[in-house]
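Some notes on the structure that comes next.
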Amino acid sequence: MGAIRYTAARELRRSWRTVVALTVLVGVGGAVLLTLVAGARRADTSYQRFRDQTLAADVSVAPSEFDAEAFDAIERLPQVAASTRPAFPFVVPADSGLYPFLDFLAYAQPQERVSPVDIPRVLEGRLPQSDRADEIAIIERFADEAGLTIGDRVNFESYGPDQFEDLFGTGDVGAPGGPRMSAIVTGIIDAPDFVSEREANFLPRVFLTPAFLDEFEESVAIYPGGITARLRNGERDVAAFTRAVRALLPDDRALEIQPSSDVSRRIAESIRVLVVVLVLCAASAAVALLVAIGFAMSRHLSRSPTDVLIMRSLGMTARGRMGASVTAMLPAAVGGAALSVVLAFAASTLMPVGIARDADPDLGLSFDPLVLGVGFLAVALSVTGLAAVSAWRSGRFAARIEATDAPSRGRRPFRRVTPIAAPVARSLGLRMALEPGRGATAVPVRSAALGAVLGVIGVVGTMVFAASLSATIDRPFRFGFPWDAVVAGFEGDRADELVDALDDDRRIRALGILDTGVAVVGTRDVNAYAFETVHGRTGPMMLEGRPIHGDDEVVLGAGTARELGVGVGDEVTVRGDEQRHRLEVVGLAALPVLDDRSGVDIGAIMSPRRLRSVAPDDSLNHDVLVRWASGVDAAAGMRRLERTSDSEVFSARLPAELANLERVRALPWALAALLAVVALLAIVHAVVSTVRRRRRDLAVLRTLGLVDRQLSALVRWQASAFAAIGLVFGIPLGLVAGRVVWHQVAAGIGIDATATTPAPALLLIAVVAFVVALVAAAVPAYHARHVHPATTLAVND
């Protein structure tokens, strides 16, 4: 033990700078790893913690008739833990020209119904006082849109009660006829449902007080919002609650019951993808860290025959020599692990990212005892293990050099693996890349080849994923929007009148009507669609199977099919008008995102006749679908449609899942970069090891007549061979990996899962791989040129 301590202390005094550098390397690399793992755990729980903190509702009920007695009965159901009855006053910013409800939504709660449900999260300022009609809270998006801050006063105009019917009927409501008012912004707020905000969401911009309702309930049109309830057992009570509400309101065909899971599921899916990406990045960081530390320790702990002889003269066995090396590395292992914990704790403010960051209610420093505690032990033990392996391998190499006098079979420089007629530098360089050697001349060619393959797989797979995501966003038909424009419809015959006016327009290639209502499919209320084609093709984007051909067939969204456990060829029950319909599932489709209830994978498509038997005709919404002819200016066409229809015209609305995925598209590239670093480190280590361990062979080659240029070319050919191996095996595997990952993500969202292969990018990868390999070989090639035969052969002999 004394010899081990003495040798370890001597090594620490002699190479303390290297130990400090290793400690910093371990600390920074470990911090990246722990930050990613802790960030993934934090992201995974962020949305649920947000819902718990704000006491978010689990379900909302919107009956067609607002009966106070029925509402009281619903609120007394055993599943209800707390409830509120929101109201939506029809107010808009003064002189803004915005349409109430569709363009600008205001939210309020009556004083007597205020209960612990959907408590907003205050981002800045405070909530308005309930007894002040002139105080409001606004959401962050409205604050950005209007340039508002705490303390600003906002002027509003309102619509009178006599305008209520026209607001939901013809839309020809005229100027706001209600009173004008003003209010002071006291707070900027957030809520769980806002996390998945997109253009189609009808999110309340302004939160009004109970005092506002008391003051203006007789002079302002107010839409009653039904009941919002928090259930005792959360989502587990939704099914029982739904059955009980339908039993209380059996004659209400237009009754809508919307679980919060319709929104939270989309958010959770987006966060799940983010968590997977963070975990993959953490795995890549772990591989890169282990490779970098392993290479650094291998170089630091390499022993010359003289060192081995001195240590043996002190009576140290091979085990003792390894123990001394490991002991000398303990400060780097323990100190680096401690530094990684400190840095990871400091970097916790950067996590989580993307949509999970929007949801996390506790941003800032976060100490995860499980990750940081286990991480400390894992980093320390891993570094110690790498030191032990490096010391053992180094001892073996040095001992073989010292003990071996005659060359063994493994000491032959190279076996013939390339044609003898090939140029000498190329032939020998390829042999160096393919033959690991033995004993003291062993070179980690397998790890270099594996690292190169992993790096190419990561880069190619990421390119396929990124290209597929971009192609999907750029081609709306892939996410259920195979039209150029949609004219927002209303109840009544306005859609038919508009279609008649547009039918002969040669600038329109395809024209149709999309009817939307609510149906009970299985046990769930979902959007139900019916397509009526006037001319051209205006049907849905099919993912599987075929479109419907009759009244007894249905096409489902992929998420609805998964939830019901059905596929093409199965049957589902659709309820409507006091009877049940058994419909055959003939296909799965990506569904259009039109409003806050829409989901690209949630809903059902049926025939117009079947839809009218399921949902009352006066509850249906009718949108006009338009596809422009070739060469038509889409922007100008939409402006003409707005003038012709006097209604809102919109183009493709990105599903929330895709929008959230787009926000974190940099993370897969971070993963690819880490794998590329692994590849570069592996190649550099292999080339450097070749020059260092095969100096004798290089000296012999120079004696046989190889000049500086040939020795440099030999090293470059070796590095190029590693790059070629990575490309030959990595590109096909990367294409497969990228396609598999994209297919899983797209299928989970419920959109077209066709992957895109970026052919020009693959060529770029090949060029960059060879350039990087040649750059990595520059320094080793320089040292290879400066091998002196006399000195090298004399030392080795």
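The values are calculated or read from the model by the stated rules, or taken from the named source; none is laboratory data. Everything quoted here is computed from the prediction, not taken from an experiment. As a convention, Cβ positions derive from the backbone with ideal geometry for all residues, glycine included, and neighbour counts pool all protein chains shown. Quick note on the areas: whole protein, heavy atoms, side chains included, nothing else; ligands and nucleic acids left out. Shrake-Rupley method; radii C 1.70, N 1.55, O 1.52, S 1.80 Å.
Residue by residue, here is whether (1) touching a residue at least 40 places away in the same chain (Cβ under 8 Å); (2) open to solvent by 30 Å² or more (accessible area, probe 1.4 Å); (3) in a strand (DSSP E or B); (4) more than 30 Å from residue 765 (Cα to Cα) holds:
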| residue | (1), (2), (3), (4) |
| --- | --- |
| 466 | yes, no, no, no |
| 469 | yes, no, no, no |
| 482 | yes, no, no, yes |
| 511 | yes, no, yes, yes |
| 525 | yes, no, yes, yes |
| 529 | yes, no, yes, yes |
| 548 | yes, yes, no, yes |
Task: Cβ pairs under 9 Å, 6+ apart, first in region 251-274 and under 12 Å from residue 519 (Cα atoms), second aromatic (Phe, Trp, Tyr) and in a helix (DSSP H, G or I) - done: 257/241
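Of all residues in region 613-628 being small (Gly, Ala, Ser) and open to solvent by 20 Å² or more (accessible area, probe 1.4 Å), which is modelled with the lowest pLDDT?
For region 613-628, the residue satisfying everything is 619.
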TODO: Check region 25-42 and report whether any residue there is of a type in the set (Ser, Thr, Tyr), open to solvent by 10 Å² or more (accessible area, probe 1.4 Å) and modelled with pLDDT under 85.
DONE: no
Open item on the list: On the basis of being under 24 Å from the mean Cα position of the chain (by Cα) and open to solvent by 20 Å² or more (accessible area, probe 1.4 Å), does residue 103 make the cut?
Closed with: no
Open item on the list: Any residue that is touching a strand residue (DSSP E or B) at 6+ places or on another chain (Cβ under 7 Å) and in a helix (DSSP H, G or I) - is there at least one of those in region 619-630?
Closed with: yes
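Could you list, in sequence order, the residues of region 256-280 that are among the polar types (S, T, N, Q) and more than 14 Å from residue 527 (Cβ to Cβ)?
Keep residues of region 256-280 that are among the polar types (S, T, N, Q), which gives 258, 260-261, 264, 270.
Once the filter is applied, which keeps residues that are among the polar types (S, T, N, Q) and more than 14 Å from residue 527 (Cβ to Cβ), region 256-280 yields 260, 261, 264, 270.
Restricting to region 709-746, what's the tally of residues that are closer than 28 Å to residue 777 by Cα and open to solvent by less than 70 Å² (accessible area, probe 1.4 Å)?
At the first step, the residues of region 709-746 found to be closer than 28 Å to residue 777 by Cα are 709-735.
Next cut, open to solvent by less than 70 Å² (accessible area, probe 1.4 Å) only: 710-715, 718-727, 730-732, 734-735.
So the answer is 21.
Return yes when residue 70 is under 22 Å from residue 254 (Cβ atoms), in a helix (DSSP H, G or I), of a type in the set (Gly, Ala, Ser) and touching a residue at least 40 places away in the same chain (Cβ under 8 Å) and no when it is not.
On the way: under 22 Å from residue 254 (Cβ atoms): yes; in a helix (DSSP H, G or I): yes; of a type in the set (Gly, Ala, Ser): yes; touching a residue at least 40 places away in the same chain (Cβ under 8 Å): yes.
So residue 70 fits the description; yes.
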Task: Whichever residue in region 106-137 is of a type in the set (Gly, Ala, Ser) and at pLDDT 85 or above and, among such residues, is surrounded by the fewest Cβ atoms within 10 Å (Cβ to Cβ) - done: 130
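Condition test on residue 749, is it closer than 30 Å to residue 480 by Cβ and open to solvent by less than 20 Å² (accessible area, probe 1.4 Å)? Outline the logic, then answer.
Numbers: closer than 30 Å to residue 480 by Cβ: yes; open to solvent by less than 20 Å² (accessible area, probe 1.4 Å): yes.
For residue 749, the condition - closer than 30 Å to residue 480 by Cβ and open to solvent by less than 20 Å² (accessible area, probe 1.4 Å) - is met.
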- [ ] Might you let me know whether region 678-687 holds any residue that is open to solvent by 50 Å² or more (accessible area, probe 1.4 Å) and either within 28 Å of residue 43 (Cβ to Cβ) or without any contact (Cβ under 8 Å) to a residue 12 or more places away in the chain (or both)?
- [x] no
- [ ] Name every residue in region 330-352 that is over 19 Å from residue 362 (Cα atoms), touching a Ser or Thr at 6+ places or on another chain (Cβ under 7 Å) and open to solvent by less than 20 Å² (accessible area, probe 1.4 Å), in order of residue number.
- [x] 332, 333, 336
TODO: Tell me which residues, restricted to region 35-55, are closer than 10 Å to residue 352 by Cβ and without any contact (Cβ under 8 Å) to a residue 24 or more places away in the chain.
DONE: 45
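Answer yes or no as to whether residue 98 is within 36 Å of the chain's Cα centre (by Cα), touching a residue at least 24 places away in the same chain (Cβ under 8 Å) and open to solvent by 40 Å² or more (accessible area, probe 1.4 Å).
Details: within 36 Å of the chain's Cα centre (by Cα): yes; touching a residue at least 24 places away in the same chain (Cβ under 8 Å): no; open to solvent by 40 Å² or more (accessible area, probe 1.4 Å): yes.
Spelling it out, it is not the case that residue 98 is within 36 Å of the chain's Cα centre (by Cα), touching a residue at least 24 places away in the same chain (Cβ under 8 Å) and open to solvent by 40 Å² or more (accessible area, probe 1.4 Å).
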Task: Positions within region 353-374 being more than 10 Å from residue 38 (Cα to Cα), open to solvent by less than 50 Å² (accessible area, probe 1.4 Å) and assigned to a helix (DSSP H, G or I), in sequence order - done: 354, 355, 356, 359, 373
Open item on the list: Among the residues in region 378-396, are any at pLDDT 90 or above, assigned to a helix (DSSP H, G or I), open to solvent by less than 20 Å² (accessible area, probe 1.4 Å) and among the β-branched types (Val, Ile, Thr)?
Closed with: yes
TODO: Check 631, 599 and return the single one that is free of Cβ contacts under 8 Å to residues at least 12 places away in the same chain and either of a type outside the set (Val, Ile, Thr) or farther than 17 Å from residue 532 by Cα (or both).
DONE: 631
